[in-house]
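The values are calculated or read from the model by the stated rules, or taken from the named source; none is laboratory data. All figures in this text were calculated on a predicted structure; none of them were measured in a lab. Please note: Cβ atoms are built from the backbone with ideal geometry, for glycine as well, and neighbour counts cover all protein chains shown.
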């Protein structure tokens, strides 16, 4: 059994780390491994004796606190790498992103994340919490030593994945549902759908508010009345309109084109053959942008159009 930590090489330490975390999680936290290095780690794991609990714990502590200075390179290599820090991504996030990241998380997860922040930022986040939640979090912060280090590393991996679905720092604010909806409207269709799914899971009430205000090409076709639809489509170049209508059911295409002035109807030519999805999405974005401009100009209220406006019986 391996009981002497001081006799372990960097390769042995990382191999033990892989056995504790599992290969999938370990590889997600230790970036940049080559296939050769991974093969060496696997071979070392197969050849190693049993490892004592004390040694495993010390390696996990070394990994968690970012002091793993020996790396898993070949012996004699002069190349050096920095320490591994599973929560390093938190330092790059704004206060607003951190608040969104920790929304609806369990108190232990919030406490673990806050423990990684500098005191000033930690207090900023705590001050935004409800008094009851703040109290529970402060109590939990005092007992983090009871949480296994393996669980803490798993929390880091989970939060890092969740953080990848948040808007970029320069785009993020707490301007409410309208601003979030505008931001999602600027994303690619797949990215916007992914973010909306995350929002639905993490904050269902905010999701409902945003959903009403997120305008898509499909929403325009389904919800805009004929008069507004005619004005909107008449403001768009025919080439963009033709590309945007690619893949739309013929009945809907006929309705849209039939709404145009007769001169434009005669000039309209459908796009033939398969087209790149990116080009179709770009054309649809042009129409969505035109619709948003019409709303800014006072032509209609989007919340009313999408069924979210306040009604009086």
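Just checking, does segment 177-195 include any residue being assigned to a helix (DSSP H, G or I), modelled with pLDDT of 80 or more, in contact with a helix residue (DSSP H, G or I) (Cβ under 8 Å, 6 or more places away or on another chain) and more than 30 Å from residue 57 (Cβ to Cβ)? No, every residue in segment 177-195 fails to be assigned to a helix (DSSP H, G or I), modelled with pLDDT of 80 or more, in contact with a helix residue (DSSP H, G or I) (Cβ under 8 Å, 6 or more places away or on another chain) and more than 30 Å from residue 57 (Cβ to Cβ). Counting residues in segment 244-257 that are modelled with pLDDT under 90, buried (at least 18 other Cβ atoms within 10 Å of the Cβ) and under 28 Å from the mean Cα position of the chain (by Cα) gives zero. Restricting the search to helices (runs of 4 or more DSSP H) fully inside segment 218-313 and requiring at least 1 residues that are in contact (Cβ under 8 Å) with a residue 60 or more places away in the chain gives 226-234, 277-296, 302-305.
In segment 131-158, the residues that are farther than 10 Å from residue 107 by Cβ form Cβ pairs under 6 Å with partners that are modelled with pLDDT of 65 or more and not in a helix (DSSP H, G or I), at six or more places apart or across chains, as follows: 144/115; 153/86; 156/86; 156/87. Look at (1) surrounded by fewer than 16 Cβ atoms within 10 Å (Cβ to Cβ); (2) over 24 Å from residue 190 (Cα atoms) and you find that residue 230 fails only one, number (1). Within segment 50-89, the set of residues being assigned to a loop (DSSP other than H, G, I, E, B) and modelled with pLDDT of 85 or more comprises just one member, 50.
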